[in-house]
Amino acid sequence: MIAQSPDHGGSGGRSALPAGRPDRLRGQQGSLERLPDGLSGQRDFPGGPDFLVTVPTRGDGRDPLRRDRGDWQPGTRRPLPSLVTDLRPGAFGPYDHLAHIGRAAETATVGGALVPFDPGGEESLVVAAGLLRHSRHLRVVAGFHPGIATPVYAAKFSASLQRFTGNRLGWQLEVDLDPAVARSQGDFLQGADRYARAEEFLTVAKGVWHEESYTYEGRFYQVLAGGFQSPNSGLPFPRVHLTGTSPEALALSARHADVHLFTADEDVAAGVAELEGRAAQEGRRVAYGLRFPVLARDDDDEAWEEARRLWVLAGGEADGLPDPDPRTGLWRGFGRITDSIPLGRAGSYATASPGLVGSYETVAAGIRAYLDQGVTTFVLEARPAIEETYRLGERLLPLFGKEIEHAH
Amino acid sequence: MPIDIYWRIATHGDQQSLRRRASSRGEWAPVVPGSLTPGVRDGRRDGYSYVDHMADVARASESSGFVGGLLPSFPFTDDPWATSAALARETTTYRFMIAYQPGFLHPVQAARMSASLQRATGGRVVYNIISGGGGPGQLWWGDRVDHDDRYARTSEFLDVLKGVWNGGPFDYEGRFYRVEGAGLPEPLARQPFPEIYFSGSSKAAIEAAGRHADYYLSWLEPFPELAAKFAQVREHSTAIGRAPKFAVRIDVLARETEEAAWDEIRRGWAHVDPAALRGADGDSVGWLRSQSFVSWPVRDFRELEVSPNVWGGFHLLRGGPAFGLVGSYQQVAERLDELIGIGVDAFILAGVPHLEEAYRVGEEVLPLLRGHDIRQNSPLSVSKGSI
């Protein structure tokens, strides 16, 4: 969403970065160069916040009890009365709605969209390919786990998408799956072995991507005389997003993540400090991100009124509405209102993380608190996806205009 | 029974004709003025990519009468799944025939991608399952499973894919795959299962095809050899109570007159590397078969015409399969009718350049097909769908 302008060199500009930000972020400022039209997808972020929205891949609806958009619960969509002409039947499918979400994010100047791995939802790479094809600027991060394919194949698939879309694809590799979910996907690996495999997966994927004659012999994968040729060589590798706070997860991120995504119920400050050190030892830089739900309205009262309405709709007691954390402002009630329907045998994959409720200014202040801790990527969740994405683009994102402008 | 006729979408660039083996569509050659997708505009790449050209080929062949397009998969091509997912919403009736090797994707993931694609396209996914030629090609992909084992793996792969397709919970424990409590989530379950076109000329392939193929797919070969190959597959299938249909991939060079068609070949032939005329190496059984129908080395392009209009030199002008049809519109239609007569139920046709030739073949050749009458009178005809 960051406006790219060749007229703002950045190098001489006053930094808007909070004093506490790690120095490595300053180094990224002004590193952007003007790319030819249509090829501007892959970029180093110039230091301002980067916003993504979360694509609901198991239906979407006006409120938490409804997933009637995207043909997820056939028959739940309220029909028009017969006296009203309805030209829709047969003309629309589930992917019309998903495509609309991507268009809305693009129109609302949001920088990207996360299509999460969800064994109970649509397949993320197929969704991501469609969103990328039907947008010009949107960066799309597809979530998947290393068991879905060989690393060579995952890289090959991605090289095509990078070429098709001006290098706008990102990966979110899910390593720490629930064991029952993993087994349902054919993956019986457990514990630290999963991180060992993820390490090999990323090593091999990057190896065939960057080297013309690549051979690898590991515990999990082998390649002989592999490596992509032109035009599938020389492309930017998809931006790698990783998660988790275990030592294995942070070690993997230090070596392979471009962005490490936290959730709001994790100790972000400690995670950033730990990963900062580990990444430095590897001679790398990692950007930090946060995935959380938001409910923002004109003023705090209106936001809380809506939170209460959704809470009750989702089956919560009217007088049992949880209070936000007095220190951080994070509200735990999202666990109910974003994720109140048990869907699919795999359980739910919404984050159910605490999030921010309040006026646009209140939510922006909550986000700034994370910016001060070095977090630059914000993956927001809000439903219904299209209306809320427009709202965020028009009302929340402009509050960061100062950071964005000064970042150039 | 109607005949399904597919076109091919070239997934690694295209050349402007068979006269010169030089790619100008896609980035497989340097991007210079005259290149398309990406093109050059004001001295810079114009932001279009090869998928925009593939979309044009899909729309051209859709509107000129083909039911869909085959998307081949090799180390140097674009990926057919990625291409289909990108193009899903840009055609209306067009089927995407995705070529893939089962070993590279996990079958649960393949089921998830397929079901999502079925939802995205309204059920327009078709599989071309290839189990791979072996040798260095497989190691490039990081696949070390042996040739015959790959067909065993393909069988397991399809067992798991079909097992999760209609929901679950599905458990499986095989040599290559193991799942527990698997199954597609409700809205993805019970999509129409993609038709399976199964390729492979080896004994292991033919046995696996008997079990899994809706269509047994072969490159074009001289008609008697092709009929014999089909008979072998039919025999294997009948033994296990199945009756696959038959499909053939054919490169086509058709013109108003036979002379004009051969003249195109002659112009392309002038640029063929003489070293290639001694015969070409390859490690798949299908390729060795196709080379055995010709006495190499050859000196003149007409020596590769093994029977009227059946020409074995297409690989020299473009790469890919060797055999195709060269002739007038009428002759090519007659040969296709003859193939229908020996039991062919579906074709994957292709011509270079794929965009323009889709219109030509769709408008000039397909309307001449009479197939059904010939099949009834043919001594080689078989009873269809009664087994």
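FYI, it's all coordinate maths here, none of it is from the lab. Being a predicted model, the structure only gives us computed values, none of them experimental. Cβ coordinates were reconstructed from backbone atoms using ideal geometry, including for glycine residues, and neighbour counts include every protein chain displayed.
Please give the average number of partner chain Cβ atoms lying within 10 Å of the Cβ of each residue in B:92-104, rounded to a whole number.
1
Which residue, B:Gly68, B:Gly286, B:Gly312, tops the fluctuation ranking in a GNM of chain B built on C-alpha contacts under 10 Å?
Most flexible of the set in this elastic network: B:Gly286.
Just how large is the dipole of region A:243-347 about the Cα centre, in debye to the nearest 20, putting +1 at every Lys and Arg Cβ and -1 at every Asp and Glu Cβ?
Charge dipole, region A:243-347, about its Cα centre: 620 debye, nearest 20.
Can you pull the percent of Cα pairs in region B:177-329 with separation above 25 Å?
44 percent
With unit charges on the beta carbon (Lys/Arg positive, Asp/Glu negative), name the residue among A:Gly283, B:Pro185, B:Ile5 whose Cα is farthest towards the positive pole of the charge dipole of the protein assembly as shown.
Ranked along the dipole, the leading option is B:Ile5.
Hey, if you put +1 on the Cβ of every Lys and Arg and -1 on every Asp and Glu Cβ in the protein assembly as shown, which of B:Met54, B:Pro297, B:Ser199 ends up farthest toward the positive end of that dipole?
B:Pro297
Which of rounded, prolate, oblate describes region B:1-106, given a ≥ b ≥ c as roots of the alpha-carbon gyration tensor eigenvalues and a/c under 1.5 marking rounded, otherwise prolate only if a/b is larger than b/c?
Cα axes put region B:1-106 in the prolate bin.
For region A:108-262, compute Rh as the Kirkwood radius over C-alpha pairs and then the Stokes-Einstein diffusion coefficient at 25 °C and 0.890 mPa s; write the answer in µm²/s, rounded to an integer.
Value of D from the Cα-based Kirkwood radius: 154 µm²/s.
Have a look at B:Met97, B:Met54, B:Met113 and tell me which one the Gaussian network model of chain B (Cα, springs below 10 Å) gives the largest fluctuation.
Evaluated over chain B, the most mobile residue of the options is B:Met113.
Only loop residues by DSSP count here, and only those with at most 15 other Cβ atoms within 10 Å; note down the trypsin sites (Lys or Arg not before Pro) in region A:96-188 that meet that.
For trypsin sites (Lys or Arg not before Pro) across region A:96-188 that sit outside H, G, I, E and B with at most 15 neighbouring Cβ atoms in 10 Å, the list reads A:Arg136.
Kindly provide the helix-only [θ] at 222 nm of the protein assembly as shown, computed as the sum of -39,500 (n - 2.57) over DSSP H runs of four or more divided by all residues, to the nearest 500 deg cm²/dmol?
So the calculated ellipticity at 222 nm is -10000 deg cm²/dmol.
Quick check on my link table: of A:Lys206/B:Lys203; A:Lys156/B:Lys229; A:Lys156/B:Lys203; A:Lys156/B:Lys162, which ones sit more than 32 Å apart, alpha carbon to alpha carbon? Intermediate values should be presented prior to the final figure.
On the way: A:Lys206/B:Lys203 37 Å; A:Lys156/B:Lys229 34 Å; A:Lys156/B:Lys203 30 Å; A:Lys156/B:Lys162 25 Å.
From A:Lys206/B:Lys203; A:Lys156/B:Lys229; A:Lys156/B:Lys203; A:Lys156/B:Lys162, over 32 Å: A:Lys206/B:Lys203; A:Lys156/B:Lys229.
Can you give the Kirkwood hydrodynamic radius for region B:4-377, in Å, rounded to one decimal and based on Cα pairs?
One decimal place: 21.5 Å for the Kirkwood radius.
Which semi-axis lengths, in whole Å and largest first, follow from the square roots of five times the eigenvalues of the Cα gyration tensor of the protein assembly as shown?
Equivalent ellipsoid semi-axes, largest first: 50, 29, 25 Å.
Looking at the protein assembly as shown, what % of its DSSP beta bridges pair antiparallel, to the nearest 5?
Antiparallel bridges make up about 20 percent of those DSSP assigns within the protein assembly as shown.
Just to compare against my own numbers: the Cα pair-distance distribution for region A:180-325, 5 Å bins, whole % per bin, please.
P(r) over region A:180-325, rounded to whole percents: 2, 8, 12, 13, 14, 13, 11, 9, 7, 4, 4, 2, 0, 0.
For region A:188-260 and region A:287-320, compute the distance between their C-alpha centroids and round to whole Å.
The two parts, judged by their Cα centres, are 38 Å apart.
Could you check which residue among B:Ala322, B:Ala82, B:Ala55 shows the biggest mean-square fluctuation in a GNM of chain B with a 10 Å Cα cutoff?
Of the options given, B:Ala82 has the highest mean-square fluctuation.
Modelled label-to-label distance, B:Glu363 and A:Glu266, 7 Å Cα→beta-carbon offset: nm?
Label-label distance for B:Glu363 and A:Glu266, simple model: 5.9 nm.
Counting other C-beta atoms within 10 Å, and keeping those with at most 14, which DSSP coil GluC sites (Glu not before Pro) do you find in region A:217-317?
Answer in residue order: A:Glu282, A:Glu317.
How crowded by other chains is A:186-194, given as the mean number of beta carbons from other chains within 10 Å of each beta carbon? Present the calculation step by step, with values, prior to reporting the outcome.
Numbers: counts 12, 5, 3, 0, 0, 0, 0, 0, 0.
Across A:186-194, the average partner-chain Cβ count within 10 Å equals 2.
How far is the Cα center of region B:161-194 from the Cα center of region B:202-216, in Å?
Cα centres, region B:161-194 to region B:202-216: 22 Å.
Over the whole of A:368-381, what's the average partner chain Cβ count within 10 Å per residue? Rounded to a whole number, please.
Mean shielding by partner chains, rounded to a whole number: 0.
Report for region B:4-377 the percent antiparallel among DSSP-assigned beta bridges with both residues inside it, nearest 5.
Given both bridge residues lie in region B:4-377, the antiparallel proportion sits at roughly 20 percent.
Any idea what the dipole of region B:8-51 comes to, in debye rounded to 20, about its Cα centre with Lys/Arg Cβ at +1 and Asp/Glu Cβ at -1?
Roughly 200 debye, rounded to the nearest 20.
Explain nothing, just the number: dipole magnitude of region B:4-377 about its Cα centre with +1 on each Lys and Arg Cβ and -1 on each Asp and Glu Cβ, in debye rounded to the nearest 20.
Numbers: 40 positive and 48 negative charges, 78 e Å.
The dipole magnitude comes to about 380 debye.
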